[in-house]
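All of the numbers you see were taken from the coordinates with simple rules; none came from a lab. Computed from a predicted structure; not experimentally measured. Here the Cβ positions follow ideal geometry from the backbone for every residue, glycine too, while neighbour counts run over all protein chains shown.
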């Protein structure tokens, strides 16, 4: 246990998150991270790499991604073209094997961090196709008859937004952590990290307004940490006086610069309705 | 101790396997967590639990084993999100009633007390003034006369004096996350997938290329085609409440399976039969409804329609204007049904009721006639047959007749 992850100067990790990361690092298991959008799932991998001083490889999964693409791709088309043009490279098939991010991570001289981002975007079978690779950290290149083995088992961080269920066999091989939405204490620490020296008054007023907003029942998209940070950035840029925030009764007016917090017109509309009702109730 | 924990977890509904348990032991040996119950808790959770939905169950088992405490709250209590309770309370309670809630010390207190009662109570109970059950004066349970009563698991309201019906089924949206048994349904539904080439041409068309290259005297001529994507579009109408309560589990599974299989899936809820409006959110079924006419206008005729319902009701609810049990419907359900089936020629009705019972219910017979006998049971076989009916070659849509009140 030479190295432990305990958050960084830019990233506040809660105790249970630290434990999950450290357990995954120590036991060399992939770590599956879920959580509301905007709670820093993707950033976690970057911060682990930074904190433990390791190289980082990223694999962003799309709906069209195939598991094979993370390993390698055989560019048959350019080989065919080269053969037509009489290029000498054509005799070695290895010239046309393009390494994927998993292969690159396996080849790294020091233990790397590999991020597989938004694994739920891909087809249902995608995680199943990676079972052996994640388990044994090796795969076979059929074209060159070569077995690629990880020199150092990478620290693998996988994020998911819960759009699809992941297969059991895959889940069994992972550690799992659900990033909960931060409470007010953690949140002020997070803001402090991003805006050091922010006026205490502004911080507490902004946080108060933010959590009150989040609690509104029926919101389509609850504002998350990243939206709060954007909002505070705006407040600072516009040099808003904390007194203005305080004087606003959130029940009667939309919060100032609300565009950073409410991301669709239904939510804004819902708010306007609530405000209207509250005014009438007076 | 740990082995017992393992088995208790399985009993408590957390799907733990031996591999994961061994991983936990490995972690303990590697010294990831030591000398702290908190660390052990975090490690055990991260190794054994693979879904946030199981966190709560895990916590309960953990507490039971490691604190030696008695059983924590019952499933029902755990499932009620407090914000829902508050939202409902804020909307439905009068000032007077809110004061009465205070009689028991507010919502938190009410919940806390309920939780304790559930822990104490092991058996079904009737009468009396303390336990949860039916017909008593305790604040908890069905058919209570206590003004701050919370009603649990009761379909109708007897005396409308309970603070809020705590009927899960009526207000909880169908949970689309049921895993068990959905695999089969997924496979059946997958047959409905129809792939069509859409979007940018970025895939090598092998046959086309060989063909073109041969014509080009052996010089390579690449042909590209667009990728095949799932192009099937589905509208799902689900019956909720009433006689459907018995089938909720099956419907949840179906819904869960359908959700992940199609790119375009729109779902709506109705009660007993389709009338002029349906809704998307059971919590706001009376305030946020979607007019059926709007659906007919919005979704193209290439959508396939799946109705899910037991079609068990009074025949009048289908055939007569004003027959709905919930509101005054200007036009009979049958009229609305014909409008939908005319607009979407490819439709099926899935009936979770056992097929051999269909003939005993008049409303099922009427519904079967309305849907051209395209009613299928919710079994793997029935799903297969239903998918077959949905895959039928495209039919030209009928003309949607107007309504009297369409603007």
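Some observations on this one:
- The mean count of C-beta atoms from other chains within 10 Å of the C-beta of residues in B:38-45, rounded to a whole number, is 5.
- Entry for chain A at q = 0.10, 0.12, 0.13, 0.14 Å⁻¹: log10 I(q)/I(0) = -0.67, -0.86, -0.94, -1.02, Debye formula applied to identical alpha-carbon scatterers, no solvent contribution.
- Extent along the principal axes, Cα only, for the range A:117-211: 65, 29, 21 Å, with the longest axis given first.
- Sequence-distant contacts, meaning Cα pairs under 8 Å at least 6 residues apart, place the relative contact order of chain A at 22 percent.
- If R0 is 51 Å, the Cβ-Cβ spacing of residue A:192 and residue B:203 corresponds to a FRET efficiency of close to 0.55.
- The range B:233-390, relative contact order [Cα under 8 Å, separation at least 6], %: 22 percent
- The fewest-to-most ranking of B:310, A:239, B:51 by surrounding Cβ atoms within 10 Å reads A:239, B:51, B:310.
- Helix axis angle, A:41-51 relative to chain A longest principal axis, alpha carbon, degrees: 70 degrees
- Degrees between helix A:200-214 axis and first principal axis of chain A (Cα, 0 to 90, nearest 10): 80 degrees
- Neighbour-count ranking [beta-carbon atoms within 10 angstrom, fewest first] of B:350, A:52: A:52, B:350
- Relative to the longest principal axis of the Cα atoms of chain A, helix A:76-85 runs at roughly 50 degrees.
- Comparing mean-square fluctuations of A:160, A:101, A:188 from a GNM of chain A with C-alpha springs under 10 Å, the top value falls on A:188.
- Of the Cα atoms belonging to the range A:15-179, the radius of gyration and Dmax stand at 17.2, 61 Å.
- Rounded to the nearest 5, the antiparallel percentage of DSSP beta bridges internal to the range A:15-179 is 30%.
- Taking every residue in A:78-91 and counting other chain Cβ atoms within 10 Å of its Cβ, the average works out to 1.
- Highest-fluctuation residue, A:120, A:87, A:230 considered, GNM on chain A with Cα pairs under 10 Å: A:87
- Put in line by how crowded their Cβ is, counting other Cβ atoms within 10 Å and starting with the fewest, B:360, B:41 read B:360, B:41.
- Relative contact order computed over the range A:15-179 (Cα-Cα under 8 Å; 6+ residues apart), in percent: 37 percent
- The range B:233-390: translational diffusion in µm²/s, Stokes-Einstein, Kirkwood Rh over Cα pairs, 20 °C, 1.002 mPa s: 137 µm²/s
- Helical runs (DSSP H, four residues minimum) scored at -39500 (n - 2.57) apiece and divided by the length of chain A put the mean residue ellipticity at 222 nm at -12500 deg cm²/dmol.
- GNM remark for chain A: springs join alpha carbons under 10 Å apart, and the peak mean-square fluctuation among A:94, A:20, A:49 falls on A:94.
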